[in-house]
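Report on one structure; see the data block that follows.
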Amino acid sequence: MAKLNINGKARDVQVEDDTPLLWVIREQVGLTGTKYGCGVAQCGACSVHLNGAVVRSCSIPVGSVKATDRIVTIEGLSPNRSHPVQVAWAEIDVPQCGYCQSGQIMAAAALLRKNPQPTDRDIDEAMTNICRCGTYQRIRAAVHKAATIAQGATVPNGRKAKAQA
């Protein structure tokens, strides 16, 4: 049995230690926003935060995760999609097919936590997730927009976005 902290909730799951964290999140816990893309940690569709750092959950055996580690999935980033990255993604209309977007959003949130005002080069170096539809220019624009929102700008409906990452 594994004890995990996912989105702030303690979870006990009955799985083998070598089960990838991705499958625990999706199949055991029922949080399906984190996607399976390649299974070899290349595409980034499975990106989640582990203690604040973006990781590819398909390559992390659940046995290597401690009960004290904090796992955050796309569902836990914000309860109402008010995270600056989520707001910017919607405003810029980033997704085309949308499959990779939860991983892209998690990668962008981790980047902005480390670097609140990234340059284009910083974004290009940090955002290594694959988008088969090629929305990289909109992703970059949304990361810049999220940085602005996180600094306290209001969002289209006049509310303040939650400055969290």
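The values are calculated or read from the model by the stated rules, or taken from the named source; none is laboratory data. Everything numeric here is computed off the predicted structure, so don't read it as measured data. With ideal geometry, Cβ positions are generated from the backbone for all residues, glycine too; neighbour counts draw on all protein chains shown.
Remarks
- Any hit, the stretch 128-141, residues being in contact with a helix residue (DSSP H, G or I) (Cβ under 7 Å, 6 or more places away or on another chain), among the aliphatic types (A, V, I, L, M), within 15 Å of Val54 (Cβ to Cβ) and modelled with pLDDT of 95 or more: yes
- Residue within the stretch 51-61 that is touching a residue at least 60 places away in the same chain (Cβ under 8 Å) and either in contact with a helix residue (DSSP H, G or I) (Cβ under 8 Å, 6 or more places away or on another chain) or buried (at least 19 other Cβ atoms within 10 Å of the Cβ) (or both) present: yes
- Test: residue in the stretch 122-129 that is closer than 20 Å to Gln151 by Cα, surrounded by 16 or more Cβ atoms within 10 Å (Cβ to Cβ) and among the polar types (S, T, N, Q): no
- Residue check for Ala41: crowded, with 18+ Cβ neighbours inside 10 Å and hydrophobic (A, V, I, L, M, F, W, C): no
- When Gly103, Gly76, Gly98 are screened for being free of Cβ contacts under 8 Å to residues at least 12 places away in the same chain and either in contact with a Pro (Cβ under 7 Å, 6 or more places away or on another chain) or within 22 Å of Gly37 (Cβ to Cβ) (or both), only Gly98 passes.
- Test for Ile105: is it assigned by TED's automatic domain parsing to the domain that holds Arg140 and either touching a Phe, Trp or Tyr at 6+ places or on another chain (Cβ under 8 Å) or more than 30 Å from Tyr136 (Cβ to Cβ) (or both): yes
- When the stretch 74-101 is filtered for residues that are of a type in the set (Gly, Ala, Ser) and either in contact with a Cys (Cβ under 7 Å, 6 or more places away or on another chain) or surrounded by 23 or more Cβ atoms within 10 Å (Cβ to Cβ) (or both), only Ala88 remains.
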